[in-house]
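For reference, the structure discussed in these notes is given below.
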Amino acid sequence: MKATGFMARLSTSQNEQIIMISIITKLRRACAHHRIYLYGAGMYGRMLYAFLQEQNIGHIEKFIVSKSDGQRVVLGGEVITLEEYDAQRTLDGESAEEDLIIVAVSEKHSVEIVKQLENRKQYHYITLTQKELDVIDSRTLFDCIVPQKNIAVLMYHRIIDSNYNFWKLNVSPQTFEKHIKYISENYKVLKLEEEWSNIVEAGEKYVVITFDDGYVDNYRFALPILEKYHVPATVFVSTDLIDMDEMYWWDELEKIFIIDKYTGEFELDGIPYKVTDSSGRENACLTIRNRMKDMNPVERRNSMRELRTKLGLEQPGTCELRCVNTQELVRMAESPYVTIGGHTKSHLSMGDIHSKELLRSEIEGSLGILERKIGKKVDVFAYPFGAAGDRCDAADQILSECGIKKTMLVRNGNVNVEDKMYNIPRHMVYEGEDIEKKMNRIWGLYG
């Protein structure tokens, strides 16, 4: 069905502008002559704080949270629990009637927050729809935030123009150069392995650049750009495919189902698949990837071999998506702008579903291979896949025993110089992002 009417004829930008005017009007009217509290100190609370500051809509008294996680200050504002706000409201008496609470959580969670407020006879609140929150997010500049002593770690994978991008790992060399040029001109770029506590100062913005997996395009395209702008970076390399003309297994799944557009029926690991269209291909690719992610290397190789056999395929070679070879690895390691880090042998998810012996073999084996090839100590490491479930305490212990000083995960957040340097958060960077806005958003939400 085609959209009809005046709103349907408006562009996305025009629609957003109308919603933006409505939001500002709504908030200005509600906030006039009232003390303003933001219920929520997470992403939406920080985002709304920045938005209200930029639009000059009132002064935020405090952030309110349902339960304290120990964080008492956000963006320079005090964080109190709902119980503490109740106690304050009782002491304030009649003046508390001037309080306005803006519910700064996602739309799906706001229902519960509203229920909590109304149970406490607090009816002076406003909520925002998810569409309104999305428009605020897209229009907030985050240029009013003063950063603390912390660092934003960025994460790239492939620096290449390629049709292989189902996993959203590609950033083109042209885009990457724009990113590095902007970052070099506006931020202080640190080396991952440095002792940051002696360098980082309050009020400055710091960035660390990292790459995962060790794709050959890091050598071909990223390295010249890093050297051109004198920007340091760390490349985390999984060692099993060094010197091998092979794809990583997730890229081979993409080739089968997305690039070559497989159609048909098969069974793999006891699960039947019927692939008839693009949706089916994407579903098969994702389902098989998620199952293989938690396999050990032997199980995964056997599963990939079984898949090729059932589909009548040969293992593909590749020159575009392969890992670096030894010569390329050494050349990168010789650059004053590149540090090589560990990333296991087989790109193993390091959760506690695997034995400690396997974890140790993957860690010690990969570090030994890298150190022999580049002739340098490797003391930084990134967990493959990088989610909370892709690491465990046993792996942390083994990494510590191997002399690893810093480890990386994949989750949004900045690292403070006073934090433990294990399981450092990183922000993944995508091709279509405006790097200036992304960096402002990072500092606004996490700085």
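Quick one: in the stretch 74-84, which of the residues that are of a type outside the set (Ser, Thr, Tyr) and at negative phi is surrounded by the fewest Cβ atoms within 10 Å (Cβ to Cβ)?
Of the residues in the stretch 74-84, the ones of a type outside the set (Ser, Thr, Tyr) are 74-80, 82-84.
Remaining after also requiring at negative phi: 74, 77-80, 82-84.
On the way: Val74: 18, Gly77: 19, Glu78: 14, Val79: 20, Ile80: 20, Leu82: 18, Glu83: 12, Glu84: 15.
Looking at the filtered set, the residue picked out is Glu83.
Restrict the check to the stretch 334-357 and report whether at least one residue is part of a helix (DSSP H, G or I) and surrounded by 15 or more Cβ atoms within 10 Å (Cβ to Cβ). Spell out the reasoning first.
Let us first name the residues in the stretch 334-357 that are part of a helix (DSSP H, G or I), namely 334, 356-357.
Retained after the next criterion (residues that are surrounded by 15 or more Cβ atoms within 10 Å (Cβ to Cβ)): none.
Checked against the condition, which is being part of a helix (DSSP H, G or I) and surrounded by 15 or more Cβ atoms within 10 Å (Cβ to Cβ), the stretch 334-357 yields no hits at all.
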Conditions first: (1) over 20 Å from Arg301 (Cα atoms); (2) out of contact with any His (no Cβ under 9 Å at 6 or more places or on another chain); (3) in contact (Cβ under 8 Å) with a residue 40 or more places away in the chain. Leu358 passes all but one, so which condition is the exception?
(1)
Can you name the residue in the stretch 269-306 that is among the hydrophobic types (A, V, I, L, M, F, W, C) and in a helix (DSSP H, G or I) and, of all such residues, is farthest from Ser349 (Cα to Cα)?
Ala284
Is it the case that some residue within the stretch 386-393 is at pLDDT below 95, surrounded by fewer than 19 Cβ atoms within 10 Å (Cβ to Cβ) and among the hydrophobic types (A, V, I, L, M, F, W, C)?
yes
State whether one or more residues within the stretch 151-164 are free of Cβ contacts under 8 Å to residues at least 12 places away in the same chain and either over 24 Å from Ser68 (Cα atoms) or exposed (fewer than 14 other Cβ atoms within 10 Å of the Cβ) (or both).
no
Working only within the stretch 168-189, note down all residues that are assigned to a loop (DSSP other than H, G, I, E, B) and surrounded by fewer than 17 Cβ atoms within 10 Å (Cβ to Cβ).
Lys168, Ser172
Show the residue pairs meeting these rules: Cβ distance below 9 Å; 6+ apart or different chains; first residue within the stretch 272-288 and among the acidic types (Asp, Glu); second residue surrounded by fewer than 19 Cβ atoms within 10 Å (Cβ to Cβ) and not in a helix (DSSP H, G or I).
Asp277/Thr263
Suppose we filter the stretch 235-268 for residues that are part of a loop (DSSP other than H, G, I, E, B), of a type in the set (A, V, I, L, M, F, W, C) and surrounded by 17 or more Cβ atoms within 10 Å (Cβ to Cβ); how many remain?
3
Can you tell me which residue among Asp352, Asp419, Asp390 is in the same structural domain as Tyr156 (by TED's automatic domain parsing), under 19 Å from the mean Cα position of the chain (by Cα) and more than 23 Å from His157 (Cα to Cα)?
Asp419
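Given the structure, is Gly342 over 24 Å from the mean Cα position of the chain (by Cα) and of a type outside the set (S, T, N, Q)? Don't jump to the end; show me each part of the working.
Details: over 24 Å from the mean Cα position of the chain (by Cα): no; of a type outside the set (S, T, N, Q): yes.
No: the conditions fail for Gly342.
Can you spot a residue in the stretch 393-408 that is closer than 24 Å to Ser172 by Cα and in contact (Cβ under 8 Å) with a residue 12 or more places away in the chain? Let's see the steps before the verdict.
Just the residues of the stretch 393-408 that are closer than 24 Å to Ser172 by Cα, to begin with: 408.
Then keep just the ones that are in contact (Cβ under 8 Å) with a residue 12 or more places away in the chain; that gives 408.
Yes: one or more hits.
State the number of residues belonging to the stretch 410-434 that are part of a loop (DSSP other than H, G, I, E, B), in contact with a Ser or Thr (Cβ under 7 Å, 6 or more places away or on another chain) and of a type in the set (D, E, K, R).
Looking only at the stretch 410-434, we keep the residues that are part of a loop (DSSP other than H, G, I, E, B), and these are 410, 412-414, 417-423, 425, 429-434.
Narrowing further to those that are in contact with a Ser or Thr (Cβ under 7 Å, 6 or more places away or on another chain): 417, 422-423, 431.
If we keep only those that are of a type in the set (D, E, K, R) as well, we get 431.
Selection size over the stretch 410-434: 1.
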Would it be correct to say that Thr309 is surrounded by fewer than 17 Cβ atoms within 10 Å (Cβ to Cβ) and farther than 27 Å from Met350 by Cα?
yes
I need the full set of residues from the stretch 93-115 which are in contact with a strand residue (DSSP E or B) (Cβ under 9 Å, 6 or more places away or on another chain) and either over 23 Å from Ile23 (Cβ atoms) or of a type in the set (Lys, Arg) (or both), in order please.
Ser95, Ala96
Flag for Glu16 being under 19 Å from Phe142 (Cα atoms), in contact with a Lys or Arg (Cβ under 9 Å, 6 or more places away or on another chain) and either surrounded by fewer than 16 Cβ atoms within 10 Å (Cβ to Cβ) or at pLDDT below 90 (or both)
yes
Quick check on this structure: which one of Gln71, Gln88, Gln148 is under 24 Å from Gln53 (Cβ atoms), loosely packed, with under 12 Cβ neighbours inside 10 Å and out of contact with any Cys (no Cβ under 8 Å at 6 or more places or on another chain)?
Gln71
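Given the criteria farther than 30 Å from Asn15 by Cβ and touching a strand residue (DSSP E or B) at 6+ places or on another chain (Cβ under 7 Å), does Tyr85 qualify?
On the way: farther than 30 Å from Asn15 by Cβ: yes; touching a strand residue (DSSP E or B) at 6+ places or on another chain (Cβ under 7 Å): yes.
It is true that Tyr85 is farther than 30 Å from Asn15 by Cβ and touching a strand residue (DSSP E or B) at 6+ places or on another chain (Cβ under 7 Å).
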Restricting to the stretch 294-319, and then to whatever is of a type outside the set (Ser, Thr, Tyr), closer than 22 Å to Ser162 by Cβ and within 29 Å of the chain's Cα centre (by Cα), can you tell me which residue is modelled with the highest pLDDT?
Met304
The stretch 20-40, residues that are surrounded by 12 or more Cβ atoms within 10 Å (Cβ to Cβ), at pLDDT 90 or above and either in a loop (DSSP other than H, G, I, E, B) or of a type in the set (A, V, I, L, M) (or both):
Met20, Ile23, Ile24, Leu27, Ile36, Leu38, Gly40
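Being of a type outside the set (Ser, Thr, Tyr) and touching a residue at least 60 places away in the same chain (Cβ under 8 Å) is the filter here, so list the residues in the stretch 21-40 that pass it. Walk me through it before giving the result.
Our first condition is that a residue be of a type outside the set (Ser, Thr, Tyr); within the stretch 21-40, this holds for 21, 23-24, 26-36, 38, 40.
Result: Ile23, Lys26, Leu27, Ala30, Cys31, His33, His34, Arg35, Ile36, Leu38, Gly40.
The values are calculated or read from the model by the stated rules, or taken from the named source; none is laboratory data. As the structure is a computational prediction, the values presented were derived from the model and not from experiment. Every residue, glycine as well, gets a Cβ built from its backbone with ideal geometry; the counts of neighbours run over all protein chains shown.
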